[in-house]
Amino acid sequence: MELAFLKNKAGKLLAFFALLSMLCGLLALALINAALLSRSTQLLLPTPLVAAEVLFGLTGLAAPRTHRAFAWWGLGIALFIVLFNFVLFGLAWMINPRP
């Protein structure tokens, strides 16, 4: 009887991690957008936030089927942020290779 309650709590916690992964991704995208609009380089690479997003996303993949999509969205946003930073660095290097 108590095992059913423990399993339900674990499912809710994993669903929360999946949702938290997507929210961290949206926050990281907002920080990158704010950095680009304000021409600031301090907020351009939110690596701790992306690392937390990947960790929460991988944990959230074990969530129930209805909440697993949030984890996939979080992992997709993290992949987009990493690819965006590499492309941004590559394009900046092509414009001005020497400082």
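Tabulated data
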| read-out | value |
| --- | --- |
| Identity of the residue in segment 1-46, farther than 20 Å from Leu79 by Cβ and modelled with pLDDT of 85 or more, that ends up surrounded by the fewest Cβ atoms within 10 Å (Cβ to Cβ) | Leu37 |
| Inter-residue pairs, beta-carbon under 6 Å, first under 9 Å from Phe17 (Cβ atoms) and in segment 52-71, second not in a helix (DSSP H, G or I), 6+ apart | Ala71/Leu61 |
| Restricting segment 47-63 to residues that are in a loop (DSSP other than H, G, I, E, B) and either touching a Leu at 6+ places or on another chain (Cβ under 7 Å) or surrounded by 21 or more Cβ atoms within 10 Å (Cβ to Cβ) (or both), the residue that is modelled with the lowest pLDDT | Ala63 |
| Verdict on Arg39 being among the basic types (Lys, Arg) and over 26 Å from Leu13 (Cα atoms) | yes |
| Selection within segment 8-46 - in a helix (DSSP H, G or I) and touching a Leu at 6+ places or on another chain (Cβ under 8 Å) | Ala18, Ser21, Cys24, Leu27, Ala28, Leu31, Ile32, Ala34, Ala35, Leu36 |
| Subset of segment 65-99 [surrounded by 13 or more Cβ atoms within 10 Å (Cβ to Cβ) and farther than 18 Å from Ala35 by Cβ] | His67, Arg68, Ala69, Phe70, Ala71, Trp72, Trp73, Gly74, Leu75, Gly76, Leu79 |
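Okay, residues lined up against (1) farther than 20 Å from Leu27 by Cβ; (2) over 15 Å from the mean Cα position of the chain (by Cα); (3) of a type in the set (Ser, Thr, Tyr):
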{"position": "Leu58", "(1), (2), (3)": "no, no, no"}
{"position": "Pro64", "(1), (2), (3)": "yes, yes, no"}
{"position": "His67", "(1), (2), (3)": "no, yes, no"}
{"position": "Phe80", "(1), (2), (3)": "no, no, no"}
{"position": "Leu83", "(1), (2), (3)": "no, no, no"}
{"position": "Val87", "(1), (2), (3)": "yes, yes, no"}
{"position": "Leu91", "(1), (2), (3)": "yes, yes, no"}
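The values are calculated or read from the model by the stated rules, or taken from the named source; none is laboratory data. Please read all numbers here as calculations on a predicted model, not as lab measurements. All Cβ positions, even for glycine, are placed from backbone atoms using ideal geometry, and neighbour counts span all protein chains on display.
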